[in-house]
Each structure stands twice: as C-alpha cells, then as structure tokens.
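All of the numbers you see were taken from the coordinates with simple rules; none came from a lab. Since the model is a prediction, treat every value here as computed from it, not as a measurement. Quick reminder, even Gly has a Cβ in these numbers, built from the backbone with ideal geometry, and neighbours come from all protein chains shown.
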Amino acid sequence: MEFVGHHVTPEINVKSILNEFRNGQTPIKTGVGYLNNQIYLAQLSKTKAKRPGSLGYGIYTFVDGILDPTELCKSFSNRLMKHIRVKEVFFYIEIEQENLIDLTNSQSEQYQLFVNFCRAINKKITQTNHTFDKSGENQFVWEGIAMELFIQYMEKHHSVVTYGVLRDTFTPCDVDDVPASERITSNGNEFLIRNWKIVRDIKHNVLK
C-alpha cells in the first residue's frame with residue numbers, strides 16, 4: 001500500500017531528518033531495547049528519558065482520515081509550537097501489509113490479538129509505565145509500552161517484522177479544551193514510521 005504521511009516539526013529539525021533518510025546509516029530508534037534504555041534513564045533522571053507515544057517509538061505522521069492531515073498538522077503546531085517556524089514534512093510511504101500493524105478496524109484479527117495481548121500482560125505494562133510517571137496515569141505512554149512489547153511478541157511468535165503502525169487516534173488541537181486522554185472518539189489516523197525502508201521520498205513546505 002502507498003500513501004503520504006504528514007509530519008509537523010520545527011524547521012531546524014528538517015535537515016537532520018533528510019540527512020538520516022538519505023544516508024540510511026542512522027536507524028530510527030525503536031524497539032524494546034530502546035525502551036529499556038529509556039527506562040534506565042528515567043530511573044536516573046525523568047528529564048532525560050524519552051517516553052513512547054501511543055503507537056510506540058518512531059516518526060509520527062498524520063494520514064488521510066476523518067480530518068485533513070494538513071489541518072491536523074496546523075492545529076498541533078498551533079498548540080505546541082505556536083511561536084516557532086515550523087514545516088510540514090511529507091513522507092511518501094510504500095509498505096507491505098505483512099509489515100504493518102493496522103489497528104483501525106476493531107473487528108480485525110490483528111486488533112483482537114493486540115487487545116488480548118495487553119490484557120495478558122497488563123500488570124507488566126502498568127509497572128513499566130510507573131517508571132516514567134509515578135502516578136502511572138499517562139495513557140499514551142501505557143499504550144506505547146504495550147505496542148513496543150506487542151511488536152516484539154509478533155516478531156518472536158509470528159515472524160512478523162513491523163515497519164509501521166496505523167491507528168485512528170485523537171490529536172488535541174488548539175481549539176480543544178478537553179484533554180485527549182478523556183476523549184472516546186478519534187479525529188484522524190496516525191501512521192508511525194519505524195524503518196526508513198518504507199520511505200520512498202521526502203518533501204517539505206513551510207506550514208502557514
């Protein structure tokens with residue numbers, strides 16, 4: 001399948017993204033090994049550790065869904081990067097279905113497998129979440145930990161190598177007052193890039 005992922009970032013970051021893509025020598029930091037490194041850093045200093053997002057570690061993009069991806073980029077940047085010059089980066093993706101975890105259909109076998117997996121190791125996920133936040137109330141981090149562990153499980157027990165994750169999510173916009181963790185509906189689809197192999201090209205524009 002082929003599609004475009006829309007990513008918003010401060011302009012200063014675009015050069016490093018392009019260099020990593022073109023050189024192909026710097027892998028995207030993902031996986032349980034990277035998660036464990038961040039857990040170690042979290043135990044030393046909360047500020048140094050990078051928490052996983054709801055889809056795990058990787059490059060987050062918006063794709064065609066309920067809301068226009070560019071509008072989601074604008075809203076996201078207005079909320080978190082309001083006084084910074086930002087760019088919309090277009091990732092041209094080509095990925096095989098066998099390398100994709102697609103959680104957009106709650107009736108699919110893969111979705112049900114993910115839910116059952118989370119139930120089976122709920123205690124482990126929750127304990128790990130407490131490492132990043134003593135309250136353990138960050139739902140996005142909990143889901144990100146679950147995803148990294150699920151991806152490891154799929155590779156070990158089902159020989160599935162995951163290069164991308166697709167899921168309908170709720171992205172807080174500049175006009176929203178209710179925290180995303182309290183929402184029960186989605187407003188778009190997010191795709192997580194975990195390997196440069198699936199990126200065919202990258203373009204970028206100043207986001208206005």
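According to the Cα gyration tensor, what semi-axes, each the square root of 5 times an eigenvalue, does the equivalent ellipsoid of segment 34-133 have, listed from largest to smallest in whole Å? Walk me through the numbers before you get to the answer.
Working: eigenvalues 143, 116, 31 Å².
Rounded to whole Å, the semi-axes are 27, 24, 13.
Can you pick out the pairs among K50/K82; K48/K197; K124/K156 whose Cα atoms lie more than 20 Å from each other? Kindly include the intermediate steps, with their values, before the conclusion.
Numbers: K50/K82 22 Å; K48/K197 29 Å; K124/K156 18 Å.
As for pairs spanning more than 20 Å Cα to Cα, those are K50/K82; K48/K197.
Can you give me the Rg/Rh ratio for the chain, using Cα atoms for both radii and the Kirkwood formula for Rh? Don't skip to the end; give the middle numbers.
Working: Rg = 16.8 Å, Rh = 17.8 Å.
Reported Rg/Rh (Cα atoms, Kirkwood Rh): 0.94.
Could you work out how far apart the two model spin labels at D133 and M81 are, taking each label as a point 7 Å from the Cα in the direction of the beta carbon, and quote it in nm?
The two pseudo-label positions are separated by 2.2 nm.
To make sure I understand, if each residue's beta carbon is the centre and we count other beta carbons within 10 Å, what order do T171, T162 fall in, fewest to most? Don't skip to the answer; put the middle values down first.
Numbers: T171 20, T162 23.
With the sparsest Cβ surroundings first, the list reads T171, T162.
Arranged by the count of other C-beta atoms within 10 angstrom, fewest first, what order do E2, E143 take? Intermediate results must be reported in sequence, preceding the final value.
Numbers: E2 9, E143 21.
The most exposed by this proxy come first: E2, E143.
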